[in-house]
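The values are calculated or read from the model by the stated rules, or taken from the named source; none is laboratory data. Quick caveat, the model's predicted, so the values are computed rather than measured. Cβ: placed from backbone, ideal geometry, glycine included. Neighbour counts: every protein chain shown.
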Amino acid sequence: MKASVTKPETGTAGDIPGYFGSASIYSRDEIPAEAFSAVDEYVAAHPGGHERLIPVLHCAQSVAGYLPFELQDHIADLIGLSPVQVYEVVSFYHFFSRKPVGRHVVRLCKAVVEKHHGMAAVAAAFERAAGCRFGETSADGAITLGYTSCLGMSDQPPSALIDGVVMTRLDPAEVPGLVRRLRSDEQVRTRVDEGIVQTGQVIFAPMERGTAIRAALNMSSEEVINRLNGSKLRGRGGAGFPTAMKWDFCRKAKGEAHYVVCNADEGEPGTFKDRVLFSRVPDLVFEGMTVAAWAIGAREGVLYLRAEYEYLRDALEAVLDRRRRLGLLGDHVAGREGFSFDIRIQMGAGAYVCGEESSLLESAEGRRGAPRDRPPFPVTKGYLGQPTALNNAETLCAAARVIEKGPDWFAGIGTRDSTGTKLLSISGDCARPGVYEVEFGVTVSKLLELVDASDAQAVQIGGPSGACVAPKDFGRRICFEDVPTGGSVIVFGPNRDLLEVAREFTEFFVEESCGWCAPCRVGTTLLAKMLDRVREGRATRAELAEMEELAATVRATSRCGLGQTAANPFLTTLRSLPDLYEAKLSKRPYEPVLDLAQALAGAQVLAGRPSALKEARS
Ligand SMILES: Cc1cc2nc3c(=O)[nH]c(=O)nc-3n(C[C@H](O)[C@H](O)[C@H](O)COP(=O)(O)O)c2cc1C
Ligand code: SF4
Ligand code: FES
C-alpha cells in the first residue's frame, strides 16, 4: 500500500474533499486489489444481511490499512446497502480509518491513569523514534501514531495497541528498538499479565465444563428462572437489573427467534475484569450463555467483544470449537434432543457508547452505535428485532454458578440486596492493582487495605460515570444499596490534581458522545470548558452555580445513560470535595466569560477601525 503523511482525523464527511462528488481524493491504484478480493471472499463465505457490515469492514481494513471510498462503495454493492449506510458506520467508530495510515499503527492509551504513570515519556519516545507527532504518519510511511482511550489494561500502564496487539508496561527506553522492529516489518508480540490478584468462591472457583448446563437440562426453563430468582442475582453491567426477571420477560416474549447476547464491550475507563474473565474462565461465560439459551429458548448467541480485545479472539474461537467437539454447543447440546445452540463472536470497532445495550444491538446489526428509544426493551425487541437476553459477561458466569450450586448458596454471600461476589478492576495509585473477587458489601477502606494504598486522596468508583469518593466516605460499602459499580475502581494518591481528573473524565464523554442529542453533545463540551475556567482560577461562585444547573439539565434531559452520567465527574467531585472548588474560585465579583476586545480584534482590523471599541468605551 502506498502510504503518505496524514493529519489527524477530524470527523465529518465534509472534511474530506470528493466524497459527495464522483471523484475521490484517493486514486484506485493506491488500494491493493487483494482488499477487494478479500471482501468478496468474506461476503461469499458469510451469507446474511446488514449485520455483516462491521466484520466486512474489519476484513477490508486489515488488508488495505484504511477504508477508502471505493472499497466502501464496493462493500455497499456487495451487501446491498447504500454508500451512505456504509459511510455513516465507518465514520462513527474510532477504529475505522478513512485516510491512509502507515504500515504500522500505534494507539497509545491516553486515559488519566496512564498520564499518572509515565504515558508522556512513552509518547515522547515514540515521537522521537518515529520522527512524527501523534496524529501523524512518519515520512517513510512506516508508522502512524495515535491516541486511544482505555484499552482495558489500566492495571499495567502505560499501554498501547500496536497493529492491534496489546503491549503493556511500556518503557520509554524500549521504544526506539520497538520502532526499529516495526520499520523492518517485524510483528510485535502480545504482552499482558493475567492480572488476577484475589480469587473468590463464585467466579474463579473451579468448575468442570458442562456441569451447569447438565444441571439446567435437568430442570424446565421455568425452574431455571425460579432458581435464579431465589439467588437474587442482579446484573453486573452497572444497572443491577434482576437477571431472573430479564430472562423471564424474554422467555415469555413472542418472536420468530430468541437470542442471547453477551456484553463484553467493557469500555468504562478503568475496567478490565472481562479481559481477565475471557483469558482465565472463558468456558464459564459460554456455560452461562448456554444456560440462558435453555431458559429463554434461544438457538443463537452473540458474544459482542470490544475491538481492543481482538488479541483474545483466536483463543476464544478455539474454546468455542472445543465446546462444539465436546457436544456443549451445536445440535443436541449435552445430548438433549431438540436443544441446539451455538455462539458467534462479533467484534466491536471502538465506541464506548456501544456498551449501552441498545447501542450494542445497533452495532451488532451493522449500524452506528446510536442508542434506541425504549420501550421496547431488548427482552421483547432486541437483536434483529427479536426477544433478546443481553447480559454482562460476569452476570452470565454468576448465573452458571447459581444453577450449579443452588440459590441459597449464592444468596448467602454478599449483602441482602446485593448477593454474591463482585469482580473489581482496581488501578491507579496502589501497590497491588489488578482484578479482585470480593463479596458485595466490602468497604472502600477494606479495598484500600487489600491493594495497599494507605494515603489515597480519593477513590473513583464505577469509572468516570460513577462517583468520586473522598476519605470521609471510605466507610461506604460497594453494593447496590450504597455505592454500585460495574467494576472500575481507580485510586488517586495525595499528589494528584483531582480537578484535572474531573476535566479529563468530562473530556472522555465529549469524545464518546454519539452526538444524537444536544444536552449530551453540547452540555459535556460546555462543562469541560467551564471546568477549565475553574482550574485556571477564573470561575466565580455564580458560574459554579450555573455549572450545577447545566449538569442537572444534562443529567435529566440526555437520551441515554452516557449523557445521564456524563456530568458525574463534576458533580461527584463537587459534592465529595467541595474545598477543591472553593480554593479555586475567583475572588473578583465579575469576570466576563468573553473577552470582547479580543473577540472583535480580527473584525476591527478588517474594518480598518482597530480602536473602535476603545473609542466607544472612552
Ligand atoms: C454508556 C454505557 C456503557 C455501558 N457499557 C457497558 C459495558 O461495557 N458492559 C456491560 O455489561 N454493560 C454496560 N452498560 C450497561 C448495559 O446497558 C446493560 O445494562 C448491561 O449490559 C445489562 O447486563 P446485566 O443485566 O447483566 O448487567 C453500559 C451502559 C451505558 C449507558
Ligand atoms: S445521551 Fe449522548 S450518547 Fe446518549 S443518545 Fe444522547 S448524544 Fe448519544
Ligand atoms: S488501558 Fe489505559 S487506562 Fe485503561
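Looking at the stretch 515-539, which of the residues that are touching a Leu at 6+ places or on another chain (Cβ under 7 Å) and farther than 24 Å from residue 470 by Cα is surrounded by the fewest Cβ atoms within 10 Å (Cβ to Cβ)?
The residue in question is 526.
Could you tell me whether any residue of the stretch 450-458 is modelled with pLDDT under 95, part of a loop (DSSP other than H, G, I, E, B), out of contact with any Phe, Trp or Tyr (no Cβ under 8 Å at 6 or more places or on another chain) and buried (at least 22 other Cβ atoms within 10 Å of the Cβ)?
no
Within the stretch 236-278, take every residue that is under 30 Å from residue 426 (Cα atoms) and in a strand (DSSP E or B) and give me the one that is farthest from the chain's Cα centre (by Cα).
Applying the filter and picking the extreme gives 242.
Just to be sure, is residue 138 in contact (Cβ under 8 Å) with a residue 24 or more places away in the chain, within 13 Å of ligand 3 (Cβ to nearest atom) and touching a helix residue (DSSP H, G or I) at 6+ places or on another chain (Cβ under 9 Å)?
No, not satisfied.
Which residue pairs have Cβ atoms under 7 Å apart, sit 6 or more places apart or on different chains, and have a first residue in the stretch 145-173 that is closer than 21 Å to residue 103 by Cβ and among the aromatic types (Phe, Trp, Tyr) and a second that is more than 16 Å from ligand 2 (Cβ to nearest atom) and assigned to a loop (DSSP other than H, G, I, E, B)?
Qualifying pairs under 7 Å: 147/110; 147/134.
Take the conditions within 26 Å of residue 195 (Cα to Cα) and within 16 Å of ligand 2 (Cβ to nearest atom) and apply them to residue 154. Does it pass?
So residue 154 does not fit the description; no.
Which residues, taken from the stretch 231-266, are of a type in the set (Lys, Arg), surrounded by fewer than 24 Cβ atoms within 10 Å (Cβ to Cβ) and in contact with a Lys or Arg (Cβ under 9 Å, 6 or more places away or on another chain)?
Correct list: 232 only.
Criterion first (within 15 Å of ligand 1 (Cβ to nearest atom), among the polar types (S, T, N, Q) and farther than 24 Å from residue 114 by Cβ) does residue 513 satisfy it?
It is false that residue 513 is within 15 Å of ligand 1 (Cβ to nearest atom), among the polar types (S, T, N, Q) and farther than 24 Å from residue 114 by Cβ.
Within the stretch 168-181, can one find any residue that is at negative phi, surrounded by fewer than 24 Cβ atoms within 10 Å (Cβ to Cβ) and part of a strand (DSSP E or B)?
no
Is at least one residue of the stretch 469-492 more than 16 Å from ligand 3 (Cβ to nearest atom) and under 23 Å from residue 109 (Cα atoms)?
Kept after step one, since they are more than 16 Å from ligand 3 (Cβ to nearest atom), are these residues of the stretch 469-492: 469-484.
Adding the requirement that they be under 23 Å from residue 109 (Cα atoms) leaves none.
The answer is no, given that none of the residues of the stretch 469-492 is more than 16 Å from ligand 3 (Cβ to nearest atom) and under 23 Å from residue 109 (Cα atoms).
Using beta carbons and a limit of 6 Å, which pairs, at least six apart or on different chains, have the first residue in the stretch 538-562 and within 30 Å of residue 352 (Cα to Cα) and the second one of a type in the set (Phe, Trp, Tyr) and part of a helix (DSSP H, G or I)?
Taking only residues 6 or more apart or on different chains, the pairs are 551/570.
Here are some residues: 243, 290. Which one is near ligand 1 (Cβ under 8 Å from one of its atoms) and either closer than 25 Å to residue 416 by Cα or β-branched (Val, Ile, Thr) (or both)?
On the way: 290 fails: near ligand 1 (Cβ under 8 Å from one of its atoms).
None of the other options fit; the residue is 243.
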